[in-house]
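The values are calculated or read from the model by the stated rules, or taken from the named source; none is laboratory data. Not measured: the values here are computed from a predicted model. Ideal geometry is used to build each Cβ from the backbone, glycine not excepted, and the neighbour counts take in all protein chains shown.
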Amino acid sequence: MLSYVLDRFKSSIVVLFVVSFITFFVLMIIPGNPAQLILGTDATPEAIAELHAAMGLDRPLYQQYLSWLLDLLKLDMGRSYVYGESVTVLIARSIPVTFSISIFAMILAVFIAFLFGMISAIKKNSIADYFSRSIMQLGAAIPSFWIGMVFIVYFGVKLKILPVSGFVPIEQSFAGFVKSITLPSVVLAIGEVGTLLRIIRSSMLDSLKQDYMDMARVKGLSAGKIYIKYALRGALTAPLTIIGMQFAKLAGGTVVIETIFALPGLGRLVLTAVEHRDIVLLQGLVMFITAMVIIITLFVDISVMFLNPRIKKFQQGEL
Amino acid sequence: MNETVVLKALNIKAGDNTLVNNASLIIEEGEIFGLVGESGSGKTLTAKAIINLLPKGLSYSADKIITAGKNMLTASTEEKSEHIGKNIGYIPQNTVFYLHPMIKIKNQIVDGYIHHMHKTKAEALEKAEALLYKVGFKHPKIVLNYYPWQLSGGMRQRCNIAMALMNDPKLIIADEPTTALDSTVQRQVMNLFRTINEEMKLSILLISHDLGLVKHYSHSLAVMYAGQIVESGYTNTVFSNPKHPYTQLLIKIIPSLKIKKNEPLVEIPGFVPEKGRDIKGCVFFNRCSKAMDICKDMVAEHIDDMQDHYYRCNLE
Amino acid sequence: MRKNVSLILGIILVLIIIAVWALSFIYMPYPPNEMSIPSKFLKPDIDSEHILGTDNFGRDILSRIMYGSRNVLLVAIGSVTLGTLLGIFLGAVAAMKRFADTIIMRIMDGLMAFPGILLAMMLVTVLKRGIQGSIIAISIFMVPVFSRLVYSMILDTETLLYIKAAKSYGSSRRQIFFRHYIPAMLPRLITQFSSAIGSAVMIETSLSFLGLGIQPPFASWGLMLSESRQFFLGYPYLAVAPGIAIIITVLGFNLIGDGLNDILINRGNSNE
């Protein structure tokens, strides 16, 4: 078991390095002089050259990479051109927004997926099953922003019950917070439910075929015990892994939703960075988000592994 | 006489294909009843039909199914489920995944007992410990904390037996209980069954392809071939006077130390038919050395009331 | 063969889109970029000249949908094809040449770690926006998936006896590759290809929506959605047509991918 953990750890580190490599070098290819971008078009060549040197941009690339990497470890991601602030601070400020909607969306998606996934598997080929499977397919095909726009019109404007833009921090007002994240989270959840439902359904179907289901039935236990204690328990490994992966992916892919709902999260920050070619900000953001994805995935993998009792070692003596 | 199981004219079909045809048997209270036959003869399905455990794709019909005093044909699903859980213990063929691999023994072995007998977990664990001890574990407390995959096949089988006994059932169905075990363990397990039967007076339906085993341990038996019961009766009766050619051959086949050197082992040529089990003629026709023309079209059923000896054959 | 409901439905949907695409070259009701301020914001009406209505510039929506299909399909199919070919190449090299194995696969792992949109956005920053940039960005996103697939499939097949037999009588690597590996891998590749097109359309749509993908004067459904955003409150119909076009396309390709998956891989033994 321990060797597995170490293994996963090792490969995560390697991947992190590769990611940092790709992130840094890809973005360095951009033509244009960052120093010039900062100072503007009417700066003198000397000023530009000075800033250029001060920013360390005249060193060989690999040196720049290494110093960037070292700074990263100190949690210093440089200074954004656009905002003029420390990238680290900008990211820290945006994390609560993105995480709130991601977590909320995940909770919603998990709830719905388990509910319909289990029903779908237990009552295979019934109307409920077909209904669930249609949700599955549709959820993957409907662009999230389309739903977002529709929701904005209906819930925000016509019914006027939920805000359509802006984020209310939880410290300010709990109710306001909840209301401001509801619509975006629901929209995000719709995108994730499909995949999760499919995995849960499939795992449940496999579990229901196992011999221990005979045992549960012969013992005449209640339906709840049969399906939850026995069937579901045997069907959890795959879904839990997927949930972790989805959450990680979600946290990294909220750009569009944040744009539509005007939420000041990480995604919006990325868009700004791309639009303005703010390399420093973009490098920091991409590195942070991707690192987050990798770490969350690692954490989930290890947790799921712990849930599987086979991994734990026991002594076996005389019985 | 009190009968634990009364089965009359059971038919099991998968779509159009008949798997079990017109099977009938009666298990008396307190007896060990052996159900013998090759793989695919329908033994497990028959047993499952008695306890309402048939897989969903199959359809079945019968004149009578009375299990542990309850009419299975007229009872509702909930009633059946309650009744079986309380009164029947089932020990399946395959032990590998019968116990849930992710749940500790202690949590699986007690839940049926708690549900039906309305006891607390502590009381249930006490009883489980006692039963585990009875089935041969020297340290039941440790076993309870184990996961199934930490135990050997024989140990798992014994856990199954203990679990089956929790509710003091009236009937235990043991499906090929010794097939996956070493011969020494086989002996232990079978003696355990015998002990349980004698001490607790519960009926056991012993399913096996091993006629030798059945001969040694059962009071009555039924021989199944291709979904039909071709002969049944008291074990002594059937063995001393087997009427059906198939039974006769099976008895001959039992390996024993008494065969002469260089005498070829007996075998029955041919295969068990998968289809056409519902024909009017004899289903053993193709492989029977004593077959007559008439056997293609009809089979006579004989019941000897005195000895309760039943067989389906055109021979006397 | 119940499973084929997916496949048939998927094929129907994709055929609809292809029909629209093909038709766009022959006949469009109006030039897609022709603006006509007096005719702006016309509601969809079967009897009128503008069946799906007009947008804020008076441009005919149906024509723009047809025109947009060209670029959406171009980007989606182009990028996935590119990604597949590159992926097959890299996966094969990694599987067959030991020293390249670790390097290539680690790079692929790294690429796969990036969330899709993020990677696309990052690449688009470097490349230019527009059709070319989108194709390259999305294709790079597709490479790791295909290379991983090919890599593992070759390693699995390698141990099969008939490959060993072929090697023993001197078939060259390339021969083995094309004559044996490719046919064995084809079913999975085709299935993945179809699903990938669905994803590619989604990513392209998102990119265009954010203004990073296809640019005016070209049209794209994502672009149409983004343009309609300001006026959506007053004129909701503006978003309906492009949204439905996207859904049909993505759903169609995904269903084909699933249907093929059931037939080719599960041989009807899936849990569906």
message: Condition first: in contact with a helix residue (DSSP H, G or I) (Cβ under 7 Å, 6 or more places away or on another chain), more than 30 Å from C:Thr249 (Cβ to Cβ), among the small types (Gly, Ala, Ser) and assigned by TED's automatic domain parsing to the domain that holds A:Ala251. Can you find one or more residues in segment A:124-133 that meet it?
response: no
- request: Tell me, please, whether a residue that is part of a strand (DSSP E or B) and in contact (Cβ under 8 Å) with a residue 12 or more places away in the chain can be found in segment B:286-302.
  value: yes
- prompt: Among the residues of segment B:129-140 satisfying the criterion of being over 23 Å from the mean Cα position of the chain (by Cα) and at the interface with chain A (Cβ under 10 Å from one of its Cβ atoms), which is farthest from B:Asp111 (Cα to Cα)?
  reply: B:Lys138
- prompt: For B:Val185, all conditions in the list (1) out of contact with any Gly (no Cβ under 8 Å at 6 or more places or on another chain); (2) over 15 Å from B:Leu206 (Cα atoms); (3) among the β-branched types (Val, Ile, Thr) hold save one; what is the number of the exception?
  reply: (1)
Residue ID - surrounded by the most Cβ atoms within 10 Å (Cβ to Cβ), chosen from residues in segment C:223-264 that are among the hydroxyl-bearing types (Ser, Thr, Tyr) and at the interface with chain A (Cβ under 10 Å from one of its Cβ atoms): C:Thr249
- request: Of the numbered conditions (1) farther than 30 Å from A:Leu285 by Cβ; (2) assigned to a helix (DSSP H, G or I); (3) free of Cβ contacts under 8 Å to residues at least 40 places away in the same chain, A:Ser120 fails exactly one; give the number of that condition.
  value: (3)
Residue within segment C:201-213 that is at negative phi and more than 13 Å from chain A (Cβ to nearest Cβ) present: no
query: For C:Val75, all conditions in the list (1) within 11 Å of another protein chain (Cβ to nearest Cβ); (2) touching a residue at least 12 places away in the same chain (Cβ under 8 Å) hold save one; what is the number of the exception?
result: (1)
message: Taking the criterion of being in a loop (DSSP other than H, G, I, E, B), in contact (Cβ under 8 Å) with a residue 12 or more places away in the chain and at positive phi, would at least one residue in segment B:211-221 satisfy it?
response: no
- prompt: Tally time: how many residues in segment A:261-314 are acidic (Asp, Glu) and within 10 Å of chain C (Cβ to nearest Cβ)?
  reply: 2
Helices (runs of 4 or more DSSP H) (entirely within segment A:207-302) containing at least 3 residues that are of a type outside the set (A, V, I, L, M, F, W, C) and under 15 Å from the mean Cα position of the chain (by Cα): A:237-252
Flag for B:Tyr146 being crowded, with 20+ Cβ neighbours inside 10 Å and touching a residue at least 40 places away in the same chain (Cβ under 8 Å): no
task: Please specify each residue of segment B:64-108 satisfying the condition of being assigned to a helix (DSSP H, G or I), facing chain A (nearest Cβ under 10 Å) and not charged (D, E, K, R).
output: B:Ser81, B:His83, B:Ile84, B:Gly85, B:Asn87, B:Asn107, B:Gln108
field: Candidate set: segment C:113-135, residues that are more than 10 Å from chain A (Cβ to nearest Cβ), in contact (Cβ under 8 Å) with a residue 24 or more places away in the chain and surrounded by fewer than 21 Cβ atoms within 10 Å (Cβ to Cβ); chosen: the one nearest to C:Ala184 (Cα to Cα)
entry: C:Ile131
message: Can you say whether B:Asn160 is within 14 Å of chain A (Cβ to nearest Cβ), within 24 Å of B:Ile103 (Cβ to Cβ) and touching a helix residue (DSSP H, G or I) at 6+ places or on another chain (Cβ under 6 Å), as far as the supplied structure shows?
response: no
field: Residue count, segment A:201-228 (criterion: under 18 Å from B:Met102 (Cα atoms), at the interface with chain B (Cβ under 9 Å from one of its Cβ atoms) and either in contact (Cβ under 8 Å) with a residue 24 or more places away in the chain or of a type in the set (Gly, Ala, Ser) (or both))
entry: 2
task: Among the candidates A:Ala251, A:Ala216, A:Ala223, single out the residue that is among the hydrophobic types (A, V, I, L, M, F, W, C), surrounded by fewer than 19 Cβ atoms within 10 Å (Cβ to Cβ) and in the same structural domain as A:Ile103 (by TED's automatic domain parsing).
output: A:Ala223
message: Consider segment A:136-188. How many of its residues are surrounded by fewer than 17 Cβ atoms within 10 Å (Cβ to Cβ), more than 14 Å from chain C (Cβ to nearest Cβ) and not in a helix (DSSP H, G or I)?
response: 8
statement: The lone condition A:Ile30 fails out of (1) in a helix (DSSP H, G or I); (2) modelled with pLDDT of 70 or more is (1)
query: Looking only at segment C:4-39, which residues are surrounded by fewer than 16 Cβ atoms within 10 Å (Cβ to Cβ), assigned to a loop (DSSP other than H, G, I, E, B) and not hydrophobic (A, V, I, L, M, F, W, C)?
result: C:Tyr27, C:Pro29, C:Pro31, C:Asn33, C:Glu34, C:Ser36
message: Looking only at residues that are facing chain A (nearest Cβ under 10 Å) and in contact (Cβ under 8 Å) with a residue 40 or more places away in the chain in segment B:110-122, which one is nearest to A:Asp214 (Cα to Cα)?
response: B:Gly112
- prompt: A:Ala43 fails exactly one of the following numbered conditions: (1) of a type in the set (Gly, Ala, Ser); (2) touching a Leu at 6+ places or on another chain (Cβ under 9 Å); (3) modelled with pLDDT under 80; (4) in a helix (DSSP H, G or I). What is the number of that condition?
  reply: (4)
field: Out of B:Asn71, B:Asn94, sole residue that is surrounded by fewer than 16 Cβ atoms within 10 Å (Cβ to Cβ) and touching a residue at least 60 places away in the same chain (Cβ under 8 Å)
entry: B:Asn94
- request: Collect the residues in segment C:1-38 that are touching a residue at least 40 places away in the same chain (Cβ under 8 Å) and among the small types (Gly, Ala, Ser), keeping them in residue-number order.
  value: C:Ser6, C:Gly10, C:Ser24
